[in-house]
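Here is the structure we will look at, set down as structure tokens.
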Amino acid sequence: MLDTIRDSDSARALPYLVPALVGLLQSGEPAFQKDTVDYQFRRVLFEILNRLPVNESVRNHVNSIFNCMLHILRHDNEENGVTACKTLVDLVRSYRLLTDEGLKEFIAIFHDVFRHMKGHVEQYLADDSAMLDANTTLLALRSFKVLGEMGMVMVIMAQVHGPQVSPTIQGTTSQAFATLALESPTQIKARTDCEAMGGIWAGMAPAIKNPSIYSDFIHGQIKVDVLLLHHQRK
């Protein structure tokens, strides 16, 4: 319905719809079990908010939506965190609005996500790691998926608001390089053993117990690298 609604209809509906969606997402408790009603309900709320048309009626609520996405990144699960990042990209591209307060809070969250990465690698990608329940989703602050998507948000912010954003990227470079240097302990062992036999190791170690998290880790590092390359070009 949001994809086909007429501008005249949306102008009447959106001023009531947007605050209701934002209020529900911020006041509701996050859910981390994918098979629960609460989890599915919040996913639907997010999909509606993420598919709002670019509209002057929405422009008046951009700051509240932006702040809601920051709240989600701090408190919600990784799937909603990824969607929050995509929503932030759409807001920055479509409305070109970015407050200093919003940027400062986003950077603070970005730093927090970086700080959790080393422990996250050790928890889920080591020989003694427990297998993560496929029905459980991680906290956004501890997600490689969210790390990569936040890096892409930074790239878009820098493209649209270069003078405002570029100095803040520089403050993340040391953590970004530290994240690129991280490696799964299980992967290190597989590579070391292979090279000791005169071979060349490629691919994921068979002993990795959480292959989906390992894949998210590699993709997250790639996107962090894109952010660094973008900053270097500037």
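Overall dimensions of the chain, expressed as equivalent-ellipsoid semi-axes from the Cα gyration tensor (√(5λ), whole Å, largest first), are 35, 22, 14. Of VAL153, VAL37, VAL58, the residue with the greatest mean-square motion in the GNM of the chain, using alpha carbon springs below 10 Å, is VAL37. Within region 28-162, the proportion of Cα pairs with more than 27 Å between them is 22 percent.
Report relative contact order for region 62-233 in percent, whole number only (criteria: Cα-Cα under 8 Å, sequence separation at least 6). This gives 29 percent for region 62-233. Ranked by the mean number of other Cβ atoms within 10 Å of their residues, highest first, the peptides 45-51, 182-188, 146-152, 201-207 fall in the order 146-152, 182-188, 45-51, 201-207. Based on C-alpha pairs under 8 angstrom that are at least 6 apart in sequence, region 16-143 has a relative contact order of 33 percent.
Values in this text are rule-based calculations from the coordinates and carry no lab data. These numbers come from a predicted model, not from an experiment. Note that we place each Cβ from the backbone using ideal geometry, even for glycine, and neighbour counts take in every protein chain shown.
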